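Inspection log for the structure reproduced underneath, given as structure tokens.
The values are calculated or read from the model by the stated rules, or taken from the named source; none is laboratory data. Not measured: the values here are computed from a predicted model. In this analysis, Cβ positions are derived from the backbone assuming ideal geometry, glycine residues included, and neighbour counts consider all displayed protein chains. Side chains included, ligands, DNA and RNA excluded: accessible areas come from the protein's heavy atoms. Shrake-Rupley method; radii C 1.70, N 1.55, O 1.52, S 1.80 Å.
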Amino acid sequence: MKKKLLSLIIMCIMAVSIFFTGCSCSKEGLKDNPATDANVISNGGLTVVKGDYLYYINGYTDETTLTKDDNKYGKVNHSGIYRTKLIDGKIQKDKNGFLISSDLVVSKVAGFSNGGFYIIDDYIYYTTPYMNLDRDGVLQSSRVEFHRININGTDDKTIYTTSKNEDNLEWSLYKLDGKVYLATYVDSKIIIVNTETKDVVTEIKSSTSHAFLTETNYNTNMSKNNELHKYIYYTRAITSDDGLSGNYKGNVVCKVNIATGETSTLEKSQDYTYEIKQVSATKIYYFKTNSTISGLKLLYAKDLSRVWQNADEEKITNAVYSNYYICSFGDNIVIADDSNGTYIIKNGLSNKISSAQKTVLGMSGNKAYYLNSDVLYYFDITATVTDGEISINTVGDTDNKRTITNSKYLDFDNQRVYVFCDYTSKSNITNKYLNYIESDNTERFVGVFENADKPAQPKQDENYGKDPDIKYIPWID
């Protein structure tokens with residue numbers, strides 16, 4: 001990266017600080033960027049792999065503690081987005097546990113309660129706290145701005161700003177006919193935005209349930225480009241305009257065209273209430289409740305390649321559970337749980353795997369991850385159940401102070417698990433930085449410390465270098 005040489009003093013400061021804070025963003029942009037059509041893995045969370053690079057949110061910041069000047073572009077290191085080059089898919093560390101190389105790509109707060117990002121083609125789309133004041137002079141940092149920036153770290157633009165605070169913001173991106181659209185759910189409305197023009201395509205104010213496409217991997221031929229995903233599916237209440245007579249207790253299933261905002265009605269039901277659960281690459285999953293049978297809420301699926309009215313309805317569950325995690329779309333595998341235990345349901349057949357309730361937060365391959373008393377565990381859904389209990393495993397170091405309150409604080413790329421952890425500096429300052437957990441359960445630091453956040457360097461044994469049995473103690477891991 002080219003930088004202007006202002007003085008010898010500045011050069012010396014940079015030489016010391018870059019080791020811990022990474023390269024700052026340049027107006028000319030980063031070099032050696034992935035190809036436009038390079039495959040993308042794990043969009044929408046804390047990390048994204050594109051080509052030979054791991055892009056990651058470096059640290060976590062509580063946005064409610066920010067002041068007006070804390071999120072100025074070019075001034076943020078701790079919770080910005082960085083990249084590090086992978087060799088054969090592996091993260092490269094030096095003997096002290098620090099990344100061999102890392103570049104600051106986005107110098108804005110991206111690590112916060114609604115943080116996350118996507119990479120599509122040559123652009124990064126990310127969220128960041130809104131930093132304006134309201135009429136009373138109160139900072140509105142719990143509102144969210146959506147940004148787009150070139151993958152080389154230049155040309156940062158604001159796409160859309162939410163109208164109110166959202167505790168668990170939903171959003172996704174769709175690329176249709178060469179245009180990228182943002183879909184989000186704010187203030188009980190589905191909102192679709194053209195990211196190039198920044199125009200709001202439509203707002204759906206009457207939805208009672210919806211689902212955005214849950215497809216985290218991307219390339220130029222992925223399904224977000226095809227006919228199956230030109231629509232967002234949602235439900236709404238029956239109104240007098242629907243022309244139904246009598247005492248109806250059901251609702252209406254609809255879809256909205258993402259590019260045009262045009263809405264269509266798919267089904268009107270007097271007796272059944274529909275609730276959209278999830279949309280995958282090929283299927284739509286939904287709950288259906290019969291108004292004549294109190295509480296019988298079952299999970300169904302339809303094939304998106306068929307017209308709604310003509311598609312066969314597949315019953316996924318035959319009983320009611322508290323939580324559902326759809327983990328294998330093609331085989332209709334669901335992990336469900338309730339107060340009586342945890343179950344794996346495959347093609348409608350339920351198998352109890354534990355008498356304990358294990359609410360799955362996410363999956364990587366066959367491993368399902370859940371939280372219990374602030375400790376992260378996983379089980380292999382293909383493992384044999386012995387005496388009514390599936391084998392469970394602790395993930396990483398249990399003494400690390402992790403930030404996990406929901407699935408947004410975890411991320412997976414089918415090789416590693418990522419989670420924010422507390423690190424305390426030698427001056428007793430504690431901040432949250434990103435860790436990764438390898439498939440062998442080794443937990444390590446990934447990121448770049450700000451100078452004030454550096455942990456104390458451990459002292460080496462006085463016989464290190466003399467006694468071959470005494471190992472070197474890394475600085476960080």
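With θ taken as phi - 60° and the Karplus curve 6.51 cos²θ - 1.76 cosθ + 1.60 applied, the whole-hertz 3J(HN,Hα) list for the range 312-318 is 5, 9, 9, 7, 8, 10, 10 Hz, x standing for glycine and proline. Helix 8-21 axis versus longest C-alpha principal axis of the chain: approximately 50°, rounded to the nearest ten. A straight chain from residue 227 to residue 355 at 0.36 nm per residue would run longer than the Cα-Cα distance by 41.8 nm. For residue 116, the residues whose modelled amide H falls within less than 5 Å of its own, excluding neighbours fewer than 5 places apart on the same chain, are 127.
What fraction, in whole percent, of alpha-carbon pairs in the range 309-372 exceed 18 Å separation?
33 percent
Applying 1/(1 + (r/R0)^6) with R0 = 30 Å to the Cβ-Cβ distance of residue 88 and residue 132 gives a FRET efficiency near 0.10. As a rough guide to protection, the peptides 382-388, 87-93 ranked by mean Cβ packing within 10 Å, highest first, stand as 87-93, 382-388.
Rolling a 1.4 Å probe over the protein heavy atoms of the chain, with every protein chain left in place, gives an accessible area that is 45 percent carbon and sulfur. Potential lengthening of the chain between residue 300 and residue 203 amounts to 32.2 nm, from the contour at 0.36 nm per residue minus the alpha-carbon distance.
Positive-end ranking of 417, 474, 427 along the dipole of the range 375-477, with charges on Cβ about the Cα centre, is headed by 427. Under 5 Å between amide hydrogens, built in the peptide plane, is the criterion, and for residue 121 it picks out nothing among residues at least 5 positions away or on other chains.
Counting Lys and Arg as +1 and Asp and Glu as -1, what is the net charge of the other residues whose Cβ lies under 14 Å from the Cβ of residue 358?
Result for the local shell: -2.
The alpha-carbon of residue 454 sits under 25 angstrom from the alpha-carbons of these lysines, leaving out residues fewer than 8 places away in its chain: 72, 75, 85, 90, 93, 95, 108, 401, 426, 432, 471.
Using C-alpha pairs under 8 Å with a sequence gap of at least 6, the mean separation divided by the residue count of the range 314-383 gives a relative contact order of 20 percent. Summary of packing: across the peptides 109-118, 348-357, the per-residue average of other C-beta atoms within 10 Å ranks them, highest first, as 109-118, 348-357.
Within the straight-line cut-off of under 24 Å between alpha carbons, the lysines reachable from residue 268 are 189, 205, 230, 249, 255, 277, 283, 288, 297, 302, 315, sequence neighbours fewer than 8 places apart in one chain being disregarded.
Normalised by the number of residues in the chain, the average gap of Cα pairs under 8 Å and 6 or more apart makes the relative contact order 11 percent. Ranking 111, 202, 354 by Cα position along the charge dipole of the chain, where only Lys, Arg, Asp and Glu carry charges on their C-beta atoms, puts 202 farthest toward the positive end.
Accessible surface computed residue by residue for the chain, with neighbouring protein chains in place and a 1.4 Å probe, gives 47 Å² per residue.
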